1. Can you find a residue that is modelled with pLDDT under 95, in contact with a Ser or Thr (Cβ under 8 Å, 6 or more places away or on another chain) and in a loop (DSSP other than H, G, I, E, B) anywhere in segment 3-10?
2. Looking at segment 246-267, which of its residues are within 14 Å of Ser144 (Cβ to Cβ) and surrounded by 19 or more Cβ atoms within 10 Å (Cβ to Cβ)?
3. Can you tell me which residue within segment 208-227, out of those that are open to solvent by 30 Å² or more (accessible area, probe 1.4 Å), in a helix (DSSP H, G or I) and not charged (D, E, K, R), is farthest from Gly264 (Cα to Cα)?
4. Got a number for residues in segment 139-154 being open to solvent by 10 Å² or more (accessible area, probe 1.4 Å) and under 18 Å from Arg83 (Cα atoms)?
5. Out of segment 28-61, which residues are in contact with a His (Cβ under 8 Å, 6 or more places away or on another chain) and either free of Cβ contacts under 8 Å to residues at least 12 places away in the same chain or surrounded by fewer than 19 Cβ atoms within 10 Å (Cβ to Cβ) (or both)?
6. With the requirement that a residue be over 14 Å from the mean Cα position of the chain (by Cα) and either at pLDDT below 95 or not in a helix (DSSP H, G or I) (or both), what does segment 180-207 give you?
7. For segment 158-179, enumerate the residues that are at negative phi and in a loop (DSSP other than H, G, I, E, B).
8. Taking the conditions exactly as written (surrounded by 15 or more Cβ atoms within 10 Å (Cβ to Cβ), assigned to a helix (DSSP H, G or I), out of contact with any Phe, Trp or Tyr (no Cβ under 8 Å at 6 or more places or on another chain) and among the acidic types (Asp, Glu)), does Glu270 satisfy them or not?
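The values are calculated or read from the model by the stated rules, or taken from the named source; none is laboratory data. Quick caveat: nothing in here was measured; it's all calculated off a predicted structure. Glycine also receives a Cβ, built like all others from the backbone with ideal geometry; neighbour counts cover every protein chain displayed. Only protein heavy atoms, including side chains, enter the accessible area calculation; ligands, DNA and RNA are left aside. Shrake-Rupley method; radii C 1.70, N 1.55, O 1.52, S 1.80 Å.
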Amino acid sequence: MALPLWKNALQTTKKMILQQRRLSLYNSAHGYKEELIKKKLQQFAGGSINLSKEDNGIGILTLNNPKLMNAFTGTMMVELQERVTELENWKDGKGLIIHGAGNTFCSGSDLNAVKEISNSQDGMNMCMFMQNTLTRLMRLPLISVALVQGKAFGGGAELTTACDFRLMAPGSEIRFVHKSMGLVPGWGGAARLVRIVGSGAALQLLGGAVRVDPERALRLGLSDQTLPSSDETRALGEARAWLSQYTDAPATVIRAVKNVVTAGRELPLEAALRTEKDIFGTVWGGPANLQALVRRPKHK
């Protein structure tokens, strides 16, 4: 009798959390026209966003436009949304590594596309589109890592802030170059940066368009570790090994951990507590919990 009740509670809570994750920040009341901006973005082709899902529950998301230092073309922005939707539906996923092809992370937006959508309304719609996508990325029930090799500039720097952790290879740098373009971050990077490093440090990084190398990023709390290798393949292997310390458990448990942290970060305290209760109910008495009780693990 207990098992069917547990399964029903699990399904109800999962459905509720998935609906919350997919809620759009913007709608027509905000002047947001998603289908219109997607059609415009799809006019600017080039590059791709590739996703591979490994048997151990780790996804590898690759920004693939090395000729332009993996700058986001319009089609890449749309593809990123599609990959996020695919990850939302990946029930066995536990972790995600985002990196760039060709030993660099991302140089921001393709300026050719930016010039063509330079009017205010299109710019605002692109801003809302990318904020929606990166917010959904941040809310995924996967523990995410940005693997920064080479340069993470502009929109690339903003993308790193949508991940739970940032790992940097030797010689890499993160730089919010928006000021030099006469802009401020528009993909949610400023709001997230303040929460990562604090308002004072964020003001320095944005106002000074400061080059942040691995050493400075560690001091600021912007990076979680400097990897030993700058080689693309080796660094990816090192990132996998680093992430494994947080994903070494059944997917149901890892996803529950990420969901309670997301609730604690984004919701008022009472709502976060109620959400935590609901998520707790999905794992209490579940297979991983019952197996642990049989093993009686000892914590040193």
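1. So far as segment 3-10 goes, no, none of its residues is modelled with pLDDT under 95, in contact with a Ser or Thr (Cβ under 8 Å, 6 or more places away or on another chain) and in a loop (DSSP other than H, G, I, E, B).
2. Thr247, Ile254, Arg255, Lys258, Asn259, Thr262
3. In this case the residue turns out to be Leu218.
4. 2
5. Matches in segment 28-61: Ile60 only.
6. Ser180, Met181, Gly182, Leu183, Val184, Pro185, Gly186, Gly198
7. Hits for segment 158-179 are Ala162, Cys163, Asp164, Ala169, Pro170, Ser172, Phe176, Val177.
8. no
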